[in-house]
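To keep things clear, I will list the structure first and then write my remarks on it.
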Amino acid sequence: MRTRRLGRTDRELTAIGLGCMQFSNTGASRRFYAPTAQDTAAAIVRTALDGGVNWFDTAEMYGGGHSERALTTALRDLGVRPGDVAVATKWPPLGRTARSIGATVGDRLDALQGFPIDLHQIHMPWGSLSPIASQVKAMAALQLEGKVGAVGVSGFGAAQMARAAAILESKGLTLASNQIQLNLLHRNAERDGVLETAKRLGVTLIAFSPMRSGLLTGKFHDEPELLGRVQPIRRVLGGFSTRTLERTRPLVDELGAVAAAHGASRAQIALAWLLERYGDTVVAIPGASRPEQAAELAAAGDLRLTERESAALTERSDRAR
Ligand SMILES: NC(=O)c1ccc[n+]([C@@H]2O[C@H](COP(=O)([O-])OP(=O)(O)OC[C@H]3O[C@@H](n4cnc5c(N)ncnc54)[C@H](OP(=O)(O)O)[C@@H]3O)[C@@H](O)[C@H]2O)c1
């Protein structure tokens, strides 16, 4: 699978990592996806590894540590050793001061069961009782103490990213990543300065919901009755509605045409488009609810689209948003 450098660190990540929100099982994130049994989570992780994936994205918020434990239990049971793969997790700022970053890192390491925090991210730029600058400084302190490998953020705008990067640089560190929604139906980063700022600063953009929470797989277009089974927060995040299905059908049809030419799935083509369009700046963290999906998603990391195919998808995307 093709790889990308994480920001300006020396860590090489596969262009496709595995998003582990699907392993939340409890708490608010449980309202995105139905619970995943541990043996299913283990099979998903094994399939992703077999497909060449070398890193995983989780978060404290994903079930208050449930996802972190499910992931690392699976890795341990598969004989993967700490350091063999990279693990990214996140600190949730909601209702907390920046001091909680240092105070909770031990809990994160406990939940990761011996796997190091290769990337620690501020989960969102809002909700904390402390300014962003204090949060970034607390993250910097963790990296300087050797408790985390690199510092990233999530959902940060262009100016917030630049400020975070400047604070880290004043301490001899760099901002490794900004995790944002990026997919054929959500290309805000192209207009709001985030993409340009990431390129300028050498920050990796980690594309979350790269299949628009599953909408770009086309299965809801094929079977609209599935919409009724989508969990509430996922429905909102992905904009799942019959009107959305109508508006996006030409794009999904085009994904289908390109997929047929490659003997691939629409999900894979949606991921391949992301990797082609944004090049070295972007890695994607699709989530999988089943092992077969993880196999498909990992294989997308090797797919190459022609310029014509990419352009046709971009043109349909322009009209669908
Ligand atoms: N930083 C943030 O604020 C933030 C926010 C959201 C997500 N994330 C991260 O991003 C990751 C991925 O985002 P996401 O889960 O929202 O969206 P996504 O990756 O676009 O969609 C994942 C879902 O699509 C369906 N799917 C996957 N592969 C498929 C395939 N080959 N064929 C058909 N359906 C397929 C599955 O759902 P079903 O089979 O259940 O339908 C799967 O759970 C999360 O796990 C999380 O790590 C971060």
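The values are calculated or read from the model by the stated rules, or taken from the named source; none is laboratory data. This is a predicted model, so every value here is computed, not measured. Glycine also receives a Cβ, built like all others from the backbone with ideal geometry; neighbour counts cover every protein chain displayed.
When segment 29-45 is limited to residues that are in a loop (DSSP other than H, G, I, E, B) and free of Cβ contacts under 8 Å to residues at least 40 places away in the same chain, the one that is farthest from GLY114 (Cα to Cα) turns out to be PRO35. Restricted to helices (runs of 4 or more DSSP H) entirely inside segment 257-321, those with at least 3 residues that are more than 11 Å from the ligand (Cβ to nearest atom) and hydroxyl-bearing (Ser, Thr, Tyr) are 307-320. Among the residues of segment 180-222, those identified as in a loop (DSSP other than H, G, I, E, B), away from the ligand (no atom under 11 Å from the Cβ) and either surrounded by fewer than 23 Cβ atoms within 10 Å (Cβ to Cβ) or acidic (Asp, Glu) (or both) are ARG187, ARG191, ASP192, GLY193, GLY202.
So, in segment 6-25, of the ones that are of a type outside the set (D, E, K, R) and in a loop (DSSP other than H, G, I, E, B), which residue ends up farthest from ASP57 (Cα to Cα)? Looking at the filtered set, the residue picked out is THR9.
Just the residues that are surrounded by 21 or more Cβ atoms within 10 Å (Cβ to Cβ) and closer than 24 Å to ARG243 by Cβ, please, taken from segment 264-315. The answer is ARG266, ALA267, ILE269, ALA270, TRP273, LEU313.
The residue of segment 46-77 that is nearest to SER154 (Cα to Cα), among those that are in contact with a Ser or Thr (Cβ under 9 Å, 6 or more places away or on another chain), of a type in the set (A, V, I, L, M) and assigned to a helix (DSSP H, G or I), is LEU71.
For SER100, indicate whether it is more than 13 Å from LEU175 (Cα to Cα), away from the ligand (no atom under 15 Å from the Cβ), among the hydroxyl-bearing types (Ser, Thr, Tyr) and not in a helix (DSSP H, G or I). Let's see the steps before the verdict.
Working: more than 13 Å from LEU175 (Cα to Cα): yes; away from the ligand (no atom under 15 Å from the Cβ): yes; among the hydroxyl-bearing types (Ser, Thr, Tyr): yes; not in a helix (DSSP H, G or I): no.
Spelling it out, it is not the case that SER100 is more than 13 Å from LEU175 (Cα to Cα), away from the ligand (no atom under 15 Å from the Cβ), among the hydroxyl-bearing types (Ser, Thr, Tyr) and not in a helix (DSSP H, G or I).
The residues in segment 223-241 that are near the ligand (Cβ under 8 Å from one of its atoms), assigned to a helix (DSSP H, G or I) and surrounded by fewer than 23 Cβ atoms within 10 Å (Cβ to Cβ) can be counted, and the count is 3. Of all residues in segment 103-118, those that are within 20 Å of LYS137 (Cβ to Cβ) and within 16 Å of the ligand (Cβ to nearest atom) total 2. The residues of segment 250-276 include none that are in contact with a strand residue (DSSP E or B) (Cβ under 9 Å, 6 or more places away or on another chain) and among the β-branched types (Val, Ile, Thr).
For segment 52-62, the criterion of being within 9 Å of the ligand (Cβ to nearest atom) and in contact with an Asp or Glu (Cβ under 7 Å, 6 or more places away or on another chain) is met by at least one residue. Which residues, counting only those in segment 170-179, are away from the ligand (no atom under 11 Å from the Cβ) and not in a loop (DSSP other than H, G, I, E, B)? Of everything in segment 170-179, those that are away from the ligand (no atom under 11 Å from the Cβ) and not in a loop (DSSP other than H, G, I, E, B) turn out to be SER170, LEU175, ALA176. ARG81: among the charged types (D, E, K, R), outside any helix (DSSP H, G or I), more than 16 Å from the ligand (Cβ to nearest atom) and farther than 18 Å from THR204 by Cα, yes or no? It is true that ARG81 is among the charged types (D, E, K, R), outside any helix (DSSP H, G or I), more than 16 Å from the ligand (Cβ to nearest atom) and farther than 18 Å from THR204 by Cα.
Considering only residues that are of a type in the set (A, V, I, L, M) and within 14 Å of the ligand (Cβ to nearest atom), which ones fall in segment 20-42? Matches in segment 20-42: MET21, ALA28, ALA34, ALA37, ALA41. Of all the numbered requirements in (1) out of contact with any strand residue (DSSP E or B) (no Cβ under 8 Å at 6 or more places or on another chain); (2) more than 30 Å from ARG234 (Cα to Cα); (3) basic (Lys, Arg), ARG187 misses one, and that requirement is (2). When ALA98, ALA74, ALA42, ALA103 are checked against the criterion of being buried (at least 24 other Cβ atoms within 10 Å of the Cβ) and either within 15 Å of the chain's Cα centre (by Cα) or at pLDDT 95 or above (or both), ALA74 stands alone in meeting it. Examine segment 29-43 for a residue that is among the basic types (Lys, Arg) and within 29 Å of VAL203 (Cα to Cα), and state whether such a residue exists. No, because not a single residue in segment 29-43 is among the basic types (Lys, Arg) and within 29 Å of VAL203 (Cα to Cα). Show the residue pairs that are 6+ apart or on different chains and have beta-carbon atoms under 9 Å apart, the first residue being within segment 272-287 and without any contact (Cβ under 8 Å) to a residue 40 or more places away in the chain, the second being among the small types (Gly, Ala, Ser) and within 14 Å of the ligand (Cβ to nearest atom). Qualifying pairs under 9 Å: ALA272/ALA264; ALA272/ALA300; ALA272/GLY301.
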